[in-house]
1. Can you tell me which condition residue 615 does not meet? The list is (1) surrounded by fewer than 18 Cβ atoms within 10 Å (Cβ to Cβ); (2) free of Cβ contacts under 8 Å to residues at least 40 places away in the same chain, and all the others hold.
2. Looking at the stretch 207-230 only, could you name the residues that are over 16 Å from residue 181 (Cβ atoms) and under 54 Å from the mean Cα position of the chain (by Cα)?
3. Please note which helices (runs of 4 or more DSSP H) are completely contained in the stretch 482-565 and include at least 2 residues that are modelled with pLDDT of 90 or more.
4. (1) in contact with a strand residue (DSSP E or B) (Cβ under 7 Å, 6 or more places away or on another chain); (2) under 21 Å from residue 851 (Cα atoms): which one isn't true of residue 709, the others all being true?
5. Given the residues 651, 601, which is the only one that is under 30 Å from residue 85 (Cβ atoms) and buried (at least 23 other Cβ atoms within 10 Å of the Cβ)?
6. Going by what's in this entry, would residue 670 be described as buried (at least 17 other Cβ atoms within 10 Å of the Cβ), outside any helix (DSSP H, G or I), within 25 Å of the chain's Cα centre (by Cα) and in the same structural domain as residue 731 (by TED's automatic domain parsing)?
7. Of all residues being in contact with a strand residue (DSSP E or B) (Cβ under 8 Å, 6 or more places away or on another chain) and under 10 Å from residue 773 (Cα atoms) in the stretch 788-798, which is surrounded by the fewest Cβ atoms within 10 Å (Cβ to Cβ)? Just the residue, please.
8. Give the stretch 808-833 a look and list any residue that's modelled with pLDDT under 85, assigned to a loop (DSSP other than H, G, I, E, B) and either over 24 Å from residue 244 (Cα atoms) or within 54 Å of the chain's Cα centre (by Cα) (or both), or say none.
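The values are calculated or read from the model by the stated rules, or taken from the named source; none is laboratory data. All values reported here derive from a predicted model rather than from experimental measurement. Heads up, the Cβs are rebuilt from the backbone with ideal geometry, glycines too, and the neighbour counts pull from every protein chain shown.
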């Protein structure tokens, strides 16, 4: 192949052009993400049941749905969040399952559960989305002309649905919603005076709001449709409706069977009320809704309130589909925004945050790191090769190999993301390895053996070809076990492996074709005189090689036991750094996204108005800090760390976005916000400050423990003990839990016998009580902005005590009045305002971050060691949440740790097959543990952890470290075949291979230096990868050059046995052995 390319050099141009064209075309069209899109298929089910208690939602809705979902194929876990009147069930499926099938099976399960659900619930909605994922776009909505309720009407009914139709968008949450309604505030005293009930008002509204089709009128030569309008159209039409109670067509009908005294009492009550006419003297003799209620355009009872940068408004949180690209979903939403803005001239839209901007920023940063890696590598090659032509020849392998890798990624439907770009950055130094060792050998044949350029190119490539193939195959083999790692971890590393394998194989092809062709026809014919600094470097390098072969190596032979003891001791100490926790562990290091969540928890039962005032006051404090860019604040709800939006009256949340280009980190401002909270908030308010450092965005915390009672009891008391213990663990920060105090609740128990005796329908009684104190959506009508609700409720002043609840009037079957207190018992029964469930069991989430000076494993191990001191009952289980950071950390450590062991074994077996020897590969494998010494020590010195990135580096390090041993042992065996004895063969090999070993090692170091330095914002989370590579390569370089020659002398077969293996015919040396050092034997 090499001769063909040298004879037909135009092939080089054709190959380079095709590779470049394919790479550029693929790179322009490939999808871009922050991380590989390996999220598991997730289906979310939302169910509403107005007014239902938490226990009723759990028992009558959530549990039946969970039960029917339980047998669904590929279902991995089910998480549920239960609140008053609403529930969210999230079904997570196996990562290999088909999303369309998962969605269809979930819908089928919901249909099967419907027969067990209450008939008057809102139909369950099913979406293919993961509530734990961050919002791709956050928008703020303001209006000077529209009321907040009218703005909410447009946002919920028109704007959000339009965004949900955008490709890649699955769900839009509208925050701070104030639901508009025609509010009918019924005065209970006027109702009593008129002998009416709140149900009479509700029934009148429902019955007298009708719009029905009237068929057709057949006029001559045309057909006309008839629209019968008996619907509500404005406030006056509500006020003027005549109340029709059960048992009569008007109030007078209801009194038809009353005694004279009752009628007179009724008339006296009406006369005492201002603005109410006596029906016996009025012309129409009826009571209208306006006579007993105040009717106004208002909103439903507020459960939450929102501010954006200190202003009242709404915010839209756009979530992408589970299988969509974050960048595409963001861009699609932003492209659609101008058109939506034109439809609503009275509404101001403001973009608060676009998640893909951070993604694109990080991609640009990694691409800059990649460019710097290429530059540093090329400069290193220039100094080592002392020829700019030779440096170019070697570096051509970089863009050509990466171009083919990008093309394969495009064909395999992979993405350009942090993982794949890191693979490209890491592989830079490896890509030049094959070309470097080939070119170095070609130059040796040209300069030392005085061969013509073309012949030197062919001979030099052929001599080193076997070693180059072994080196490349080692890089390929080390990643083979990764294919068997399951789950998200395996998918993420799999993309990295594809980049490395394809790039490395391409670089081997380049080194066998393009490199020798350009060397023989162009590089070796250069007459360029190197710069003085390059000559100086070359002289120092030659001096260093002489010092190594004449001083260091002979000394190591004389103290071989000390060398072995030193290497073994340092290896054991390095492993001990992990064992004692000096090198911590985590899944992915925290990412500085510039976002902070502050959750303010007031005592349970605190009114919304109090929470609103306190939360908005705290918002003003944070707006005054210099690095704050934008703030969204919600009182009465919060974005939960376990996913989804939770309504809870006593909780407020402030979400802060920091400015780009700021000098201070997110952790710094999180600490400042904690101080502000301690100074400005009352003592009874708990402030939980959470920097948004998760790889998925949002306020998910790395420590997420589930406390479960296997007997079905309430785990909250035990979760509170775990939470208190976690607060005492060194390194734990922002500790909180979902185990809240019990909220006050009044339980109404009906006496069925009394109700039956008095002719009261229990359903009607329950509706009356719920309407009076919680409001009842009596009817609705169509407006230009959507459906407008008509809500009936008592005034807030009449909803303050149990006595007022007892006095709610109910119409009996005989037309008389019965009061709620006559047929029911009232008890105060505190209840949990929130229930979280995992896999059909009640759980409490105990969450925490860890301090920048600590690690995930340090906090987790510290907690688990002290957990025994709580003496929890055997039915109480504390475990990491499925698919959380702790779960992924354990998967990563086990999966990659096992893969590393298998990789070393496969590398050994590969070399056994290629060398037809058991001993030579055994000698080479000693390069691996000495690389681990530098890798772990570098992590310890720089305070980095073993994580997904650094463990990827260790896998790659196996291949890199093995190369040094291969270069030494392969050439030593070659020299022995030429007649060298064992000692002189390894000495000559160490002398000759010193240069390519140093060159390839420093090319890897130069390529990873920008990554390790982490000078760009957000790059610190990836720096451990470069640190591991640099530390491991340097220790492998230093110790391999000393250890492998000694191991070779100990283990390699004697000269007699070696030549016996060569059919007993030793060859005469083709070159005279250099007396570099005396033979110690």
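1. (1)
2. Within the stretch 207-230, the subset over 16 Å from residue 181 (Cβ atoms) is 207-208, 210-230.
Passing the criteria: 207, 208, 210, 211, 212, 213, 227, 228, 229, 230.
3. Working: elements: 487-512, 514-521, 532-547, 553-558.
Once the helices (runs of 4 or more DSSP H) in the stretch 482-565 are filtered for at least 2 residues that are modelled with pLDDT of 90 or more, what remains is 532-547, 553-558.
4. Every condition holds for residue 709 apart from (2).
5. Details: 601 fails: buried (at least 23 other Cβ atoms within 10 Å of the Cβ).
Checking each option against the conditions leaves just 651.
6. Details: buried (at least 17 other Cβ atoms within 10 Å of the Cβ): yes; outside any helix (DSSP H, G or I): no; within 25 Å of the chain's Cα centre (by Cα): yes; in the same structural domain as residue 731 (by TED's automatic domain parsing): yes.
Judged against the criteria, residue 670 is not a match.
7. Taking the stretch 788-798 first, the residues in contact with a strand residue (DSSP E or B) (Cβ under 8 Å, 6 or more places away or on another chain) are 788-795.
With under 10 Å from residue 773 (Cα atoms) added as a condition, the list becomes 792-795.
Details: 792: 26, 793: 24, 794: 22, 795: 12.
In this case the residue turns out to be 795.
8. Once the filter is applied, which keeps residues that are modelled with pLDDT under 85, assigned to a loop (DSSP other than H, G, I, E, B) and either over 24 Å from residue 244 (Cα atoms) or within 54 Å of the chain's Cα centre (by Cα) (or both), the stretch 808-833 yields 829, 830, 832, 833.
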